[in-house]
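Asker: First the structure, then my questions, so here it is.
The values are calculated or read from the model by the stated rules, or taken from the named source; none is laboratory data. None of the values given here were measured: they were computed from a predicted structure. Heads up, the Cβs are rebuilt from the backbone with ideal geometry, glycines too, and the neighbour counts pull from every protein chain shown.
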Amino acid sequence: MCSIGEDDFGDEGGAHAMVAESLPAGIVLSTGDCTKCGTSSSELYKLNFRTPECRACFLTYVRHKFRAALGAAKVLPRDAEVLLVLDGSAESLVLLDMLHFAQTQNTFKRLHCNARVVYVEDQALQERDPVDVESLQALSRQYEPFEFHVIELGAPPSSLRNIKDYSPTSAEEINRLGVKLEKLRSLTARQDYLQQERKNLIASVAQQLHCSHVFESSISVDLATQLLTAIALGRGGSAALDVALLDDRLAGGDVKLLRPLKDLNEQEVQFYVHAQRLKPLLKGRLRYGQERGETASLQNLTSAFVTNLQQNYASTVSTVFRTGDKITSNTHPEQASCFHCQSALDSQLSDTLLAIEYSRSVSEAGVSLHKNGEDLEELARKRLESQNDLCHACHRIQMELDSVVAAADDHRWAEHYKRALPYGNRR
Amino acid sequence: MPINCKSQCGNRAALKRPKTGDALCKECFFAAFEAEIHHTISSSNLFRRGEKVAVAASGGKDSTVLAHVLKLLNERHDYGLELVLLSIDEGITGYRDDSLETVKQNRDDYQMPLKIISYEELYGWTMDRIVAQIGRSNNCTFCGVFRRQALDRGAKLLGVDSIATGHNADDIAETVLMNVLRGDTARLRRCTDIRTGGGEDSIPRVKPLKYSYEKEIVMYAHYKKLVYFSTECVFAPNAYRGHARAFLKDLEKVRPAVIMDIIYSGEQLRFKDTVKKPVRGICTRCSFVSSQQPCKACVLLEGLNRGLPKLGIGKKSKGDRMIAKQDQELALRERANLVKNDF
């Protein structure tokens, strides 16, 4: 996914990113006039498709994107209770800083809401060092009066702690989530499952803290990747909500997830981090299982594909992201929703899913299917209807949990194909 | 340890189906593969008894398998269809001339009448000459646009009720991905439809292989020893589609079921009311179906005939400017001629 600072940031966070050599490309350390306000500045910010501007003008511009995203859609009621999700990445710090700034402005421009922050700790699953509690506490002091809380991914929502009372533990529940993940055969299913679990956890934390709105720090490249991933996972019907400004699936609609940074790009985040001297707690934004390489899961593959294509076709991310803007979720009134991900279930039988089930039935019947051809469709139909409380994608996860499919066979098949088929002549 | 066929027929499995992960022997695979296509045809009501159906045949594996299976099912399940082969000769030396030989072989093998229509006779241009004009970039635009219309023209000539094309599940999934990457909502809406077109003014296209994996089609053709042509077009393949294709192949390696999931996703996508829908109309020049006025084929053809091959490529405003400039020059020359005549 995002590779901001992955190479730049050492152990001391973004501190050494401030030396001249590792400045983000586009920031020029030379005296010149800002084309916006005309004042002379020793540091000019040159974004793609924009003229060089001074720090103050740059900050105004980027912060406006954040305010405009919330303002134009009128999604945040006055004095709403907001929960900001911090994951230690540069993006989440940018969001924190922008929200803090928006709260400290004068009454006329102030963003009227009451914010809390929750840090979601997932080091136990990711097998990396726990977050530095000191730097987290330093953040909470820097961004007063926000209340900071910490929750560990996998732990029950009741183990939510205020930052002042928090100390890293190795709770049994976290292991339980780890064990459940281990049961899933593919990394694809694990990542998908974890993403939903994370959302569900955030929803219950929000309810516990009486927050009606949650702020998430996804930027455009994250959302472009998310859209393609959702399509690959068979979540087309709900993909629109995965990338929209407002996602209302959390806690049955009681908690609304907002993505106010959705219009920001990587460069703007880099510049903002530099301009405000922010220190990300983590190197880059590492997802669970990302270290296993591009071909380990559909999610990793999609993320790498978007990044690579973006290098050759500069408008890839923005085009995909804008496609996401044009779609809407496939919902009907009085429609049941998925038990796990809360997406709306299909209102009518899908021909494609029926075709998959039919394939399964005919494969079982083999040559004898000519005798009972009609019954097979009935069988497929029944099977499809029996999975009625999970959406198709969540059902795939469930299937991996249920049966340890003959995974050991896989390599034998690879051998078989090498011998049996002249695969070179595929189109 | 050898793996046994899932159907418990007692035979050893010969392959593992990518769609479901089931291991099947050769005979059970044939039965399953054919039954699925029959299921697709009957559950979507693709054909009606007594219809005349053109199979769009290129000589490649998809259309060869399609022709073979349609003939087989037509006899087995008594669809009552009259099947004909329809081929388009784009005029690509070293590619289409060879593949048409394969189609002729199919014609003899399956006892189906064959109609070949060439770009030369329809448009007065072969792809070889078009490429000589425009070069290796954008040539696939011409070929694709012309072929789509040529199929319509051929079908009208043959008087068929529908055209069956060999688009397989991989092709459709790839198109879904590509349309998302290009932000093409108009095509995204209809690319997963099993039947497109139809109505009073056009001949419907159907995709009986919509749920058949490319891998299975290759295996079917291989085990059935069908004759097909498997060379890539000599002109550079479409670069952007290539990215989507490579991506899909990588995804398939990770999770073979992904192809069906992408088709399913594509079908489930819904669009905001604010997104413009294309309106299907009739081209005023050639009176074939088009959502633009005039249709793309007419614009491209006009470009070729005017000696401005880039006319239909890129923005319409640019094309308009090109035409205006050329008209102006022509008018100037004409006036110069007039002056000369006066003397």
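Asker: Anything in region A:188-216 that is of a type in the set (Gly, Ala, Ser), in a helix (DSSP H, G or I) and surrounded by fewer than 21 Cβ atoms within 10 Å (Cβ to Cβ)? List them, or say none.
Answerer: Residue satisfying the conditions is A:SER204 alone.
Asker: Another question, then. Give region A:315-330 a look and list any residue that's in contact (Cβ under 8 Å) with a residue 60 or more places away in the chain and farther than 15 Å from A:VAL243 by Cα, or say none.
Answerer: A:THR316
Asker: I'm trying to understand the selection: among the residues of region B:266-296, which are facing another protein chain (nearest Cβ under 8 Å) and either at pLDDT 95 or above or within 24 Å of B:ARG148 (Cβ to Cβ) (or both)?
Answerer: B:GLY266, B:GLU267, B:LEU269, B:PHE271, B:VAL275
Asker: A follow-up question, please. So if I check each of B:VAL84, B:VAL69, B:VAL65, which one is in contact (Cβ under 8 Å) with a residue 60 or more places away in the chain, more than 24 Å from B:ILE262 (Cβ to Cβ) and more than 8 Å from chain A (Cβ to nearest Cβ)?
Answerer: B:VAL84
Asker: Here's another thing I want to ask about it. Just to confirm my filter: which helices (runs of 4 or more DSSP H) fall fully inside region B:110-199 and include at least 1 residues that are more than 14 Å from chain A (Cβ to nearest Cβ) and among the hydrophobic types (A, V, I, L, M, F, W, C)?
Answerer: Output list reads B:119-123, B:127-134, B:139-158.
Asker: Starting from residues that are part of a helix (DSSP H, G or I) and basic (Lys, Arg), keep the ones in region B:28-75 and report whichever is surrounded by the fewest Cβ atoms within 10 Å (Cβ to Cβ).
Answerer: B:LYS71
Asker: Go through region A:283-340 and give me each residue that's among the acidic types (Asp, Glu), away from every other protein chain (no Cβ under 13 Å) and closer than 30 Å to A:PRO130 by Cα.
Answerer: A:GLU291
Asker: Here is a check on your reading of the model: is B:LYS6 facing chain A (nearest Cβ under 8 Å), in contact with a helix residue (DSSP H, G or I) (Cβ under 7 Å, 6 or more places away or on another chain) and among the basic types (Lys, Arg)?
Answerer: Judged against the criteria, B:LYS6 is a match.
Asker: Just to verify a result, which residue in region B:100-115, among those that are charged (D, E, K, R) and closer than 17 Å to B:LYS224 by Cβ, is surrounded by the most Cβ atoms within 10 Å (Cβ to Cβ)?
Answerer: B:ASP109
Listed here are the residues, each with its yes/no results for (1) in contact with a strand residue (DSSP E or B) (Cβ under 6 Å, 6 or more places away or on another chain); (2) under 23 Å from A:LEU194 (Cα atoms); (3) of a type in the set (D, E, K, R); (4) loosely packed, with under 15 Cβ neighbours inside 10 Å.
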{"residue": "A:PRO77", "(1), (2), (3), (4)": "no, no, no, yes"}
{"residue": "A:GLN103", "(1), (2), (3), (4)": "no, no, no, no"}
{"residue": "A:CYS113", "(1), (2), (3), (4)": "yes, no, no, no"}
{"residue": "A:GLU121", "(1), (2), (3), (4)": "yes, yes, yes, no"}
{"residue": "A:GLU127", "(1), (2), (3), (4)": "no, yes, yes, yes"}
{"residue": "A:LEU160", "(1), (2), (3), (4)": "yes, yes, no, no"}
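Asker: Checking the structure you have, find out if any residue of region A:312-325 is touching a strand residue (DSSP E or B) at 6+ places or on another chain (Cβ under 6 Å), at pLDDT below 90 and hydrophobic (A, V, I, L, M, F, W, C).
Answerer: Checked region A:312-325: no residue is touching a strand residue (DSSP E or B) at 6+ places or on another chain (Cβ under 6 Å), at pLDDT below 90 and hydrophobic (A, V, I, L, M, F, W, C).
Asker: Could you identify the single residue in B:GLY60, B:GLY80, B:GLY94, B:GLY124 that is more than 30 Å from A:MET399 (Cα to Cα), at pLDDT below 90 and of a type outside the set (A, V, I, L, M, F, W, C)?
Answerer: Unique residue meeting the criteria: B:GLY94.
Asker: Restricting to region A:60-108, give me the number of residues that are aliphatic (A, V, I, L, M), within 19 Å of A:GLU268 (Cβ to Cβ) and in a helix (DSSP H, G or I).
Answerer: 13
Asker: For the subset of region A:245-282 comprising residues that are of a type in the set (S, T, N, Q) and in a loop (DSSP other than H, G, I, E, B), which member is surrounded by the fewest Cβ atoms within 10 Å (Cβ to Cβ)?
Answerer: A:GLN276
Quick grid of which residues meet (1) surrounded by fewer than 17 Cβ atoms within 10 Å (Cβ to Cβ); (2) among the basic types (Lys, Arg); (3) within 8 Å of chain A (Cβ to nearest Cβ); (4) not in a helix (DSSP H, G or I):
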| position | (1), (2), (3), (4) |
| --- | --- |
| B:PRO208 | no, no, no, yes |
| B:TYR220 | no, no, no, no |
| B:CYS233 | no, no, no, yes |
| B:PHE247 | no, no, yes, no |
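Asker: Find the residue count for region B:2-27, including only residues that are farther than 21 Å from B:LYS71 by Cβ and either of a type in the set (Gly, Ala, Ser) or part of a helix (DSSP H, G or I) (or both).
Answerer: Final tally of qualifying residues: 6.
Asker: Continuing with this model, one more query. Consider B:GLY303 against the criteria (1) crowded, with 19+ Cβ neighbours inside 10 Å; (2) more than 7 Å from chain A (Cβ to nearest Cβ); (3) under 21 Å from the mean Cα position of the chain (by Cα): it satisfies all of them except one. Which criterion is unmet?
Answerer: Unmet condition: (3).
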